[in-house]
Amino acid sequence: MGRLKALAPSKLDSEQRALFDAITTGKRSRGRPLEDFLLDGGGLRGPFNAWLHAPNIGQPAQRLGEAIRYECRLPPKMRELAILTVAARWRADYEWWAHSRIARAVGLGDETITALKDGVLPSASAAEEIAVHRFAIELMANHQVSDETYREVVALLGDSGTVELVSLLGYYTLVSMLLNAFKVPMPAGETPPFAAES
């Protein structure tokens, strides 16, 4: 059970309804039924219910997330690798559950996904995966990135792609904080991936 009441669509005010519609009919909704977004009781899954409680923050936050997921030029495998790195760092169950599935769909291998959960990468990982992972780990752990790591990622992604990567890391840190602070529940029948480690 989460810490915030799940807000049913029928009970939303106009600002909340606008946010609900932006989430469920925007770029996230392509090829997905409305039910993918909803809890059994009708509230929104994941971080979205929290944002419904503060739609003045939720609307720009969901828009940033939409831009990061669907408009960035980061290769999908690199995007998901970075998201899983954040999820593992924060031990954010819902984020890990959602994005490990997406990571598999975009071609990130099971061995890599399993290793990321432990905060590492397989030694045989591609050079670009190692560079993105090292950048993310350094920034989260040290609050800085070494010149060598920075140069490596800029050579790989360019200035624009590096800005996108840092923005992604910040956004998914925000999402992880929401998920953890409000104890956002997993979908029914799913086991929290970090539960055994708690």
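No lab work stands behind these numbers, since they all come straight from the coordinates. It should be emphasised that the depicted structure is a prediction, and the values quoted were computed from it without experimental measurement. So basically every Cβ, Gly included, is an ideal-geometry build from the backbone, and we count neighbours across all protein chains shown.
At-a-glance table
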quantity: Fraction of the pair-distance distribution of the chain above 23 Å, Cα-Cα pairs, percent; calculated: 44
quantity: Helix axis angle, 76-90 relative to the chain longest principal axis, alpha carbon, degrees; calculated: 80
quantity: Helix axis angle, 127-142 relative to the chain longest principal axis, alpha carbon, degrees; calculated: 70
quantity: Residue 130 paired with residue 101, simple spin-label distance in nm, labels 7 Å along Cα-to-beta-carbon; calculated: 3.3
quantity: Relative packing of peptides 93-99, 133-139 - highest average C-beta neighbours within 10 Å first; calculated: 93-99, 133-139
quantity: Cα-derived Rg to Rh of the range 9-69, Kirkwood definition; calculated: 0.92
quantity: Pairwise label distance in nanometres, residue 140 with residue 3, each label 7 Å out on the Cα-Cβ vector; calculated: 2.0
quantity: Added length on full extension, which subtracts the Cα-Cα distance from 0.36 nm per residue, residue 10 to residue 66; calculated: 17.7 nm
quantity: Between 0 and 90°, nearest 10: helix 14-25 axis offset from the chain longest Cα axis; calculated: 50
quantity: Whole-percent pair-distance distribution, where bins are 5 Å wide, for the alpha carbons of the range 53-153; calculated: 2, 12, 21, 23, 21, 13, 5, 2, 1
